[in-house]
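The values are calculated or read from the model by the stated rules, or taken from the named source; none is laboratory data. Fair warning: this is a prediction, and the values are worked out from it, not measured in the lab. Virtual Cβ from ideal backbone geometry, glycine too; neighbours counted across all protein chains shown. Calculation scope for accessible area: heavy atoms of the full protein, side chains included, ligands and nucleic acids excluded. Shrake-Rupley method; radii C 1.70, N 1.55, O 1.52, S 1.80 Å.
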Amino acid sequence: MATVAAVIASTHHPFYYRASTSAGADRPPFADEWVAKIESFRETLTRAEPDVLVMVGSDHFHQLWLDNMPQFLVGKAPFYDGNFYNEEREFGLPRMFLHGHEELSGHLLRAGIDAGFDLAFSNELRIDHSITCPLITLRPQADLPIVPIYTNIFAPPMPQPRRFVELGKTIRRLVEAWPSDQRVAIIGTGHLSLELGGPRQFGPHGPDPEFDRKAVEWIASADLDAALAEVSLDSLWLPGNATHGFMDFMLMMGVAGEAVRADYVDSLDLFHTMEAYFTWYPKEDACASTCSTSSSSPLTAIPSSWSVTGTTRAARWRGGRPSGRTSS
């Protein structure tokens with residue numbers, strides 16, 4: 001059976017590539033700190049030595065639209081084009097060409113339907129920055145085959161938060177049941193509080209720091225009960241009009257497992273968003289006792305007094321700030 005080598009969740013800020021690759025006067029003042037955080041975060045995937053990546057994200061109305069919006073979709077193509085023209089233009093993202101893993105895609109699709117999820121699929125899926133940005137941060141060489149899974153976090157009616165958690169648990173179980181000796185990393189990206197096109201979009205921090213604080217604590221401490229007790233489709237409108245992306249984080253809590261605390265937690269307060277990074281190693285994996293103790297990839301504990309504080313260095317950067325709407 002296949003091995004889940006690592007479970008990883010993060011935000012997917014589309015400006016990281018531009019910030020990290022710029023130089024001189026064009027390099028934002030917070031870039032070095034952001035790069036250092038990403039390089040530490042990346043260590044989990046590097047040490048896991050996966051053969052294939054299952055990647056959970058959400059299409060930002062690039063390929064999926066209101067004329068045909070699946071709730072959960074599995075890509076099963078042999079290859080994937082990455083990033084759309086507006087992502088190249090607005091965010092400076094590169095075009096990417098990625099290999100798929102048709103065998104694992106087919107297994108997850110068939111077994112997922114049999115497990116009670118009426119999954120959609122696409123043999124011609126093109127992926128956007130919810131998949132490509134975590135590849136840029138975690139595996140910039142983009143040399144591993146991927147299985148993209150898209151969720152609907154934008155177009156009501158959306159699945160309930162608990163359904164996202166159930167899908168996460170199912171994905172983990174199905175990967176472990178795949179008759180293969182390959183090592184699989186499951187990676188998912190979502191949002192904390194986020195506003196798109198509204199009055200709080202370009203504030204000095206995420207639109208709701210208190211929600212961000214609680215959200216990071218829920219994920220870090222594996223407190224699914226607290227998250228499910230407070231998070232609903234209605235309540236998620238309050239921290240920002242795009243905060244439903246937090247349900248992808250809840251999905252990843254389901255993948256990580258009941259009461260399984262994150263091994264690595266970090267965050268960065270950028271203009272208009274709180275970026276967050278979490279990793280888990282399966283308890284049976286040999287890395288579990290060593291990977292979070294390295295000085296290059298420290299275990300970042302979240303005490304009960306954790307709060308969203310600190311300077312907002314990114315608020316002073318205007319070079320990569322778009323004049324119109326953006327997405328994260």
Neighbours of residue 238 by Cβ distance under 12 Å: Lys/Arg at +1, Asp/Glu at -1, summed charge -4
Spin-label pair residue 141/residue 126, simplified geometry with 7 Å Cα→Cβ offset, distance in nm: 2.9
With the contact rule set at Cα under 8 Å and sequence spacing of 6 or more, what percent relative contact order holds for the range 75-190? 32
Tally Lys and Arg at +1 and Asp and Glu at -1 over the other residues with C-beta under 9 Å from the C-beta of residue 255: what net charge comes out? +2
I want to check the label-to-label distance for residue 118 and residue 102. Put each point 7 Å from Cα in the C-beta direction and report it in nm to one decimal. 2.8
Low-density loop cleavage sites - GluC sites (Glu not before Pro) in the range 76-174, where at most 16 other Cβ are within 10 Å (DSSP): 124
Could I have the simple spin-label model distance between residue 22 and residue 155, label points 7 Å from Cα toward Cβ, reported in nm to one decimal? 3.3
Extension reserve of the residue 63-residue 232 stretch, reckoned as 0.36 nm per residue once the Cα distance is removed: 58.2 nm
Mind giving me the FRET efficiency for residue 225 and residue 177? R0 is 25 Å, r the Cβ-Cβ distance, nearest 0.05 is fine. 0.40
Solvent-accessible heavy-atom area per residue, rounded to whole Å², over the range 152-295 at 1.4 Å: 35
Gyration tensor verdict on the range 1-132 (Cα atoms; rounded if a/c is under 1.5, prolate if a/b is larger than b/c, oblate otherwise): oblate
Formal net charge of residues neighbouring residue 125 (Cβ-Cβ distance under 11 Å; K, R +1; D, E -1): -2
